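Okay, so here's the structure we're looking at.
The values are calculated or read from the model by the stated rules, or taken from the named source; none is laboratory data. Being a predicted model, the structure only gives us computed values, none of them experimental. Here the Cβ is made from the backbone with ideal geometry for all residues, glycine too, and neighbour counts use every protein chain on show. Please note that ligands, DNA and RNA were not included when accessible areas were found on the heavy atoms of the full protein model with its side chains. Shrake-Rupley method; radii C 1.70, N 1.55, O 1.52, S 1.80 Å.
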Amino acid sequence: MDVLPADLSDYLLAHSSPADELLRELAEETARSFPDALSMQISHDEGEFLTMLVRITGARRAVEVGVFTGYSSLCIARGLPADGTLLACDVSEEWTAVARRYWERAGVADRIELRIAPAIETLRALPTEEHLDIAFIDADKVSYPDYYEEIVTRLRPGGLVLLDNVLRGGRVLDPDPADEATAAIMRTNDLVVADPRVDVVMLPLRDGVTIARKRS
């Protein structure tokens, strides 16, 4: 999903750092192997945005909720220092088998800990102190409020949590959404902007990305 017209989207990609061969191969394999789930993969410019944010913030401890075939986790891991760690949460062995191969090829597998389990269980098992630097949520939309709460309580002051697909293709403007996922995203959007623990900006990047920064 994309809030931009196709020609403007192409222009945007042409003026962002291009994907390298490995990322292009991952995107192509994902399209061949999982065509019906392709919308779950982030776009290249969003991946570059993740890498840049990780580098800018100097993040060392990252969490990703929703791995799919590993494009976003690869981008996050590339932004981490050599001793940084990414906890990657997913429930699919099939999708993440692809991710593992590309993490190995990219030389970042040692920075990524993959947990195959319901993400909410993984998050609730983490230490409760504020220790996370950055988190990216891009999984089942109905659980977004729970994912957000478990992560934001564990963010260090100045840490970031990013939430993907917060515009739902514009369906967030529907006062009575027909699908549960959109209703959950609308609740999450209202919850985050009203949360006194964070400063928030929602960006029209692809299908919408919210960035919340934990206040000191």
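Hey, does segment 203-216 have a residue that's polar (S, T, N, Q) and open to solvent by 10 Å² or more (accessible area, probe 1.4 Å)? There is at least one residue in segment 203-216 that is polar (S, T, N, Q) and open to solvent by 10 Å² or more (accessible area, probe 1.4 Å).
Per this entry, E29 is not counted among residues that are in contact with a strand residue (DSSP E or B) (Cβ under 8 Å, 6 or more places away or on another chain), open to solvent by less than 40 Å² (accessible area, probe 1.4 Å), of a type outside the set (F, W, Y) and not in a loop (DSSP other than H, G, I, E, B).
For A135, the stated conditions do not hold, so it cannot be described as at pLDDT 95 or above and out of contact with any strand residue (DSSP E or B) (no Cβ under 7 Å at 6 or more places or on another chain).
Residues being of a type in the set (S, T, Y) and either in contact with an Asp or Glu (Cβ under 8 Å, 6 or more places away or on another chain) or without any contact (Cβ under 8 Å) to a residue 12 or more places away in the chain (or both): count how many of those fall in segment 1-44.
Step one: list which residues in segment 1-44 are of a type in the set (S, T, Y), which gives 9, 11, 16-17, 30, 33, 39, 43.
Those left that are additionally either in contact with an Asp or Glu (Cβ under 8 Å, 6 or more places away or on another chain) or without any contact (Cβ under 8 Å) to a residue 12 or more places away in the chain (or both): 9, 11, 16-17, 43.
Number of matching residues: 5.
Being out of contact with any His (no Cβ under 9 Å at 6 or more places or on another chain), farther than 22 Å from N165 by Cβ and among the hydrophobic types (A, V, I, L, M, F, W, C), is that true of even one residue in segment 83-96?
Going through segment 83-96, the residues out of contact with any His (no Cβ under 9 Å at 6 or more places or on another chain) turn out to be 83-96.
Narrowing the set further to residues that are farther than 22 Å from N165 by Cβ leaves 83-85, 93.
Checking which are among the hydrophobic types (A, V, I, L, M, F, W, C) leaves us with none.
So far as segment 83-96 goes, no, none of its residues is out of contact with any His (no Cβ under 9 Å at 6 or more places or on another chain), farther than 22 Å from N165 by Cβ and among the hydrophobic types (A, V, I, L, M, F, W, C).
Just to verify a result, which residue in segment 138-175, among those that are in contact with a Pro (Cβ under 9 Å, 6 or more places away or on another chain) and assigned to a helix (DSSP H, G or I), is surrounded by the fewest Cβ atoms within 10 Å (Cβ to Cβ)? The qualifying residue surrounded by the fewest Cβ atoms within 10 Å (Cβ to Cβ) is R171.
Under 7 Å by Cβ, and 6 or more places apart or on different chains, what pairs join a residue from segment 176-190 that is under 14 Å from G208 (Cβ atoms) and open to solvent by 30 Å² or more (accessible area, probe 1.4 Å) with one that is modelled with pLDDT under 90 and not small (G, A, S)? Sorted first by the residue in segment 176-190, then by its partner, the pairs are M186/P177. In segment 191-202, the qualifying residues are those that are under 17 Å from I151 (Cα atoms) and in contact with a Lys or Arg (Cβ under 9 Å, 6 or more places away or on another chain), and the one that is least open to solvent (accessible area, probe 1.4 Å) is V198.
Looking at E130 and the list (1) open to solvent by 50 Å² or more (accessible area, probe 1.4 Å); (2) touching a Gly at 6+ places or on another chain (Cβ under 8 Å); (3) in a helix (DSSP H, G or I), which single condition is not satisfied? E130 satisfies all of (1) open to solvent by 50 Å² or more (accessible area, probe 1.4 Å); (2) touching a Gly at 6+ places or on another chain (Cβ under 8 Å); (3) in a helix (DSSP H, G or I) except (3). Which pairs have Cβ atoms under 8 Å, sit 6 or more apart or on different chains, and link a residue in segment 113-131 that is within 10 Å of R154 (Cβ to Cβ) to one that is basic (K, R) and open to solvent by 30 Å² or more (accessible area, probe 1.4 Å)? Pairs found: E130/R156; H131/R61; H131/R156.
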